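Shown next, in structure tokens, is the structure this report addresses.
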Amino acid sequence: MAGPKALVAGTLVWLAGWGLIAAGIRRAPASAEGPSPAAGAPLYPRLARYRDFYWSTLGAYGGGILLAELVLLLLQTVLSSGVPSDLGGAAREASGGLSLPPTIAFAIAFIVSMGVAFASGFVGASRAQRLSFPEATIGVFYLGLPVPILLSLMERVPSLQLALGYRLREVTYVAGLIGRPELAYWLVLAALVLALILGINTGFIAAGSGRVDLRLGFELFVARRHVAVFRPSLLLGALAVLMFGIIPPLIVYFIIRGAEAAVERTRVKALGLADPLAAASAQHRMKLHEQSPTMMMTALSVGGVGVGVMALIIVLSVMSGFEADLQQKILGTNAHAVVSRYAGDLPDYDKVMQQVKRVPGVVGQTPFIINQVMIASEGNVDGVIIKGIDPKSVGSVTDLPQNILPGGDLEHLEHPARILPSSAVEDAQGKSDAEEDPIIGKPSKPAKPTVLPGIIIGRELAASLRVVVGDRVNVVSPLGTELGPTGPIPKSRAFRVAGVFYSGMYEYDSKFVYILLKEAQDFFAVKGATGIELKVADIDDARRISNQVVRVLGGYPYRARDWGEMNKNLFSALRLEKLVMGIILSIIIIVAAGLIVATVIMLVLEKRKEISVLKALGVPDGGIVKIFLAEGLQIGVAGGVLGLFSGLAWCLFIEKVGIKLDPEVYYIPALPVRIEPVQTALAVIIAVLVTYLASIYPALKASSVEPVEGLKAE
């Protein structure tokens, strides 16, 4: 009952907050002193158009953010699970479905919801002709927060989980991919708020002057002349710092500038001896070429954004390389999906495989039996996971045949007589052949050795047991018992090592062993198989295909789990680590954004006279905002492009040249790198957005400069 009570209490607080807002909006009472001498005079236009609160703008902002959240939830559910109708279900049964992979469905729904939030911000700001931050704050708090709060409570309140969990299962699945669904909900809200802010700012710029004006030619020309970001010397210098570090380029720069200055001063001195006026003019031109503080701040801002983007690209690419390497090793040892029953085994797995074969997207399948046993040799004993496999079909699902080291063979499981005995076994057989019968005193004919079934073990397990191909090991199962002279004893069976595999993961190489499926059936008294392993054409679509397999099999008692669900904790931890690392590295870009704020403010202070002249000539406030936003945006674009180029260059260097690692410790020979286009583009987009947002405040300050205030000291 705690969940419904908390929900009711939250609803009451929400309504009370709305009541306080409505009660607090009051206009000041009229003055009792009567009209002043200036009564009736025309009011200053900016003040005349001002209104303290717009209910329509509040509705646009709050309704827009709420509509964006609902669109995201509904569109994600529809695109992932298909159209909820009989026709949609029939189509899914016939051709694989109208549904999309969850990640692709989320991407489409997220883009559409971002567009809704942006459009609502644009419409609201165009209506009010100002930014209207109070309306935006109230709208986000009272109409944007309830949905993520409800979704976060759904993860902790059982009653909400029962009421909404099955309806929003696709949403919770995607949110759970990073390990913490609550964090995903609030990150999505932050992205929608960012889209709303961008829409508000764009709407104010476009319609802040009273009419829609989307032209940018004049403003971009002025901004390009003012800040001069795309100078070859600045771009090449920043690129050299990003590629080679700070110290070497700065040493070269100061040497070149010092030599140029010395040569120029010598020339001016010689010119002054012949023509003092010409020397004074040359010295004046030399001072003009010196960088101003604003230009130095611009260079530092470009370099700061570039460093942030470069670091973000390199770190995320390396972490993606680790994730891809881990995913390859996991999917090389395990299947993309597993079909089994909720209780019991699959005695009719042949018929099930025939049905699964018809599902589009399934490219391989193999039966298996899995259990936990103990394995013992003359040197050691260890607990392992034993797996009965079909050697003919296991290669179509996993990489086990390719992972077997020289000296072993997967076919020896079906033909154990081909297993060559180890040298220790050969020595023992040689000694037994040479012995004489103690009764007749003549060499006895050796008995035909018993052919033991084969077993495939991992490299680390072979080292722990101190066995090689051909050695004998004993497998002991505590689950089944056999009757002995003294009572029940654990079931035990001898095997001979038919091969050693190396998957590249210590957990698999030390804990997995493989035997023939028929031997596992006899050993564990299983009729059929534990389940069926599947390989699909698209690993990112494994969840949808596995669900389609269950539908083809008729649902309960069959179930299917994809590789993401079976290894959810591991990959969720990796994604969460990558997300946190990206957020931490984005702080570098935020620091650079502080430099951009300082740079644009210095530009405003330097250009007060020019701003006043432009406004006196009729340039509206929106035009001034466009100029300084364009200046900050140019810094972000230049830094983002330089960071992109240098980051990709460093990633290619690491990939081609390589940073060597000890494979005995890290199980990989070199630092892996995987350049993902989406996350690389996202790093640049983040930098550009941060610099754009950082330029809003200085641009608004520039637009508030009055012509009289800027020109009265001239």
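The values are calculated or read from the model by the stated rules, or taken from the named source; none is laboratory data. None of the values given here were measured: they were computed from a predicted structure. Cβ: placed from backbone, ideal geometry, glycine included. Neighbour counts: every protein chain shown. Side chains included, ligands, DNA and RNA excluded: accessible areas come from the protein's heavy atoms. Shrake-Rupley method; radii C 1.70, N 1.55, O 1.52, S 1.80 Å.
In summary, no helices (runs of 4 or more DSSP H) completely within the range 127-173 bear 3 or more residues that are basic (Lys, Arg) and either free of Cβ contacts under 8 Å to residues at least 12 places away in the same chain or surrounded by fewer than 20 Cβ atoms within 10 Å (Cβ to Cβ) (or both).
One line per residue, one yes/no per condition, for (1) within 42 Å of the chain's Cα centre (by Cα); (2) at pLDDT below 85; (3) open to solvent by less than 10 Å² (accessible area, probe 1.4 Å):
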site	(1), (2), (3)
457	yes, no, yes
463	yes, no, no
470	no, no, yes
493	no, no, no
496	no, no, no
501	yes, no, yes
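When 243, 295 are checked against the criterion of being under 22 Å from residue 610 (Cβ atoms) and at pLDDT 70 or above, a single residue qualifies: 295.
The set of residues in the range 385-395 that are in contact (Cβ under 8 Å) with a residue 24 or more places away in the chain and open to solvent by less than 40 Å² (accessible area, probe 1.4 Å) comprises 386, 387, 388, 389, 391, 393, 394. Look at (1) outside any helix (DSSP H, G or I); (2) open to solvent by 40 Å² or more (accessible area, probe 1.4 Å) and you find that residue 186 fails only one, number (1).
Selection of first residues in the range 225-237 that are modelled with pLDDT of 70 or more and of second residues that are basic (Lys, Arg), restricted to Cβ pairs under 9 Å at least 6 apart or on distinct chains, gives the following pairs, ordered by first then second residue: 230/224. All told, residue 543 meets the bar of being within 22 Å of the chain's Cα centre (by Cα) and open to solvent by 10 Å² or more (accessible area, probe 1.4 Å). Scanning the range 404-436 for residues that are modelled with pLDDT under 50 and exposed (fewer than 15 other Cβ atoms within 10 Å of the Cβ) turns up 424, 426, 427, 428, 429, 430, 431, 432, 433, 434. Kindly establish whether residue 564 is surrounded by 19 or more Cβ atoms within 10 Å (Cβ to Cβ), modelled with pLDDT under 80 and under 28 Å from residue 361 (Cα atoms). Against the criterion (surrounded by 19 or more Cβ atoms within 10 Å (Cβ to Cβ), modelled with pLDDT under 80 and under 28 Å from residue 361 (Cα atoms)), residue 564 qualifies. Cβ-Cβ contacts under 7 Å between residues 6 or more apart (or on different chains), taken from a first residue in the range 537-553 that is free of Cβ contacts under 8 Å to residues at least 60 places away in the same chain to a second residue that is buried (at least 18 other Cβ atoms within 10 Å of the Cβ), are listed as 547/560. Quick check on the range 367-384. Is at least one of its residues hydrophobic (A, V, I, L, M, F, W, C), in a helix (DSSP H, G or I) and open to solvent by less than 20 Å² (accessible area, probe 1.4 Å)? Scanning the range 367-384, I find no residue that is hydrophobic (A, V, I, L, M, F, W, C), in a helix (DSSP H, G or I) and open to solvent by less than 20 Å² (accessible area, probe 1.4 Å), so the answer is no. Residues of the range 105-126 that are among the aromatic types (Phe, Trp, Tyr) and crowded, with 22+ Cβ neighbours inside 10 Å: 106, 118, 122.
Condition first: out of contact with any Ser or Thr (no Cβ under 8 Å at 6 or more places or on another chain) and among the polar types (S, T, N, Q). Now tell me which residues in the range 563-607 satisfy that. Passing the criteria: 567, 569, 572, 586.
Determine whether residue 359 is within 30 Å of residue 549 (Cβ to Cβ), in contact (Cβ under 8 Å) with a residue 60 or more places away in the chain and assigned to a strand (DSSP E or B). The answer is no for residue 359. Scanning the range 385-395 for residues that are among the small types (Gly, Ala, Ser) and either farther than 25 Å from residue 511 by Cβ or assigned to a strand (DSSP E or B) (or both) returns a single hit, 388. In summary, helices (runs of 4 or more DSSP H) completely within the range 577-695 and bearing 3 or more residues that are crowded, with 17+ Cβ neighbours inside 10 Å occur at 608-616, 621-656, 677-694.
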